[in-house]
1. Find how much the distance from Ala63 to Arg83 grows on full extension, using 0.36 nm per residue of separation minus their present alpha carbon separation; answer in nm with one decimal.
2. Taking the solvent-accessible surface of protein heavy atoms with a 1.4 Å probe, what is the per residue accessible area of the stretch 4-141 in Å²?
3. Using the Cα gyration tensor of the chain, with a ≥ b ≥ c the square roots of its eigenvalues, what is the shape: rounded (a/c below 1.5), prolate (a/b larger than b/c) or oblate (neither)?
4. At a 1.4 Å probe radius, carbon and sulfur cover how many percent of the accessible area of the chain?
5. log₁₀ I(q)/I(0) of the stretch 27-67 at q = 0.14, 0.21, 0.26, 0.27 Å⁻¹, via Debye over equal Cα point scatterers, no solvent, to two decimals?
6. Of the peptides 68-75, 128-135, how do they stack up when ordered by the mean number of other Cβ atoms within 10 Å, highest first?
7. Below 8 Å, C-alpha to C-alpha, sequence gap of six or more: please give me the relative contact order for the stretch 1-82 in percent.
8. Give, in nm to one decimal, the length gained when the segment between Gln94 and Ala34 is fully stretched (0.36 nm per residue of separation minus the Cα-Cα distance).
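The values are calculated or read from the model by the stated rules, or taken from the named source; none is laboratory data. Keep in mind that this is a model prediction, so the values were computed, not measured. Note that we place each Cβ from the backbone using ideal geometry, even for glycine, and neighbour counts take in every protein chain shown. To get the accessible areas, we keep the full protein, side chains included, count just its heavy atoms, and leave off ligands, DNA and RNA. Shrake-Rupley method; radii C 1.70, N 1.55, O 1.52, S 1.80 Å.
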Amino acid sequence: MEILPPRPARVACAAPWVVPGAGAVVFGAGSADALSWSAAGAVLARSVMLTVRGYRIGVRCEADRLVVRGLLRTRVIPRQRIRAVTAFPAVRWQTAAGRSRWTPVTAFMSSAGELASLREAKAKCLARLRRWARQSGSGRG
């Protein structure tokens with residue numbers, strides 16, 4: 001089961017990364033040397049990656065694991081290791097060695113300046129994640 005924030009929130013996570021990508025294209029097109037092209041290409045590649053990851057931000061709840069897709073990294077957490085889903089929102093879990101870990105779920109974070117409808121939709125996403133975690137018998141919500 002995929003739990004994704006509303007589309008406007010995903011677009012808001014992706015949109016800022018279009019600007020440096022466009023700037024890199026303009027800079028690269030106006031440059032004649034290979035070093036400038038290489039730098040522009042690197043910035044463009046990173047911008048495309050962050051734009052795609054920003055749009056795909058969310059969680060995937062599978063039978064035996066939780067996949068948390070953030071802007072910079074994806075964390076895979078075994079379902080039986082999940083201890084709680086906090087209000088921050090974050091997933092508290094434990095490694096096989098017994099160390100406590102905490103993984104924020106940035107896709108469902110809200111702010112006071114956000115539209116009420118987006119805040120409510122994110123709260124519903126967080127509630128779905130909590131229900132999934134409780135069904136495993138290990139999550140305490």
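1. Full extension of this stretch gives 5.6 nm more.
2. For the stretch 4-141, the solvent-accessible area averages 57 Å² per residue.
3. Note, shape of the chain comes out prolate.
4. 62
5. At q = 0.14, 0.21, 0.26, 0.27 Å⁻¹ the computed log10 ratios are -0.50, -0.70, -0.83, -0.85.
6. 128-135, 68-75
7. It rounds to 31 percent for the stretch 1-82.
8. Using 0.36 nm per residue and subtracting the Cα-Cα distance, I get 16.8 nm.
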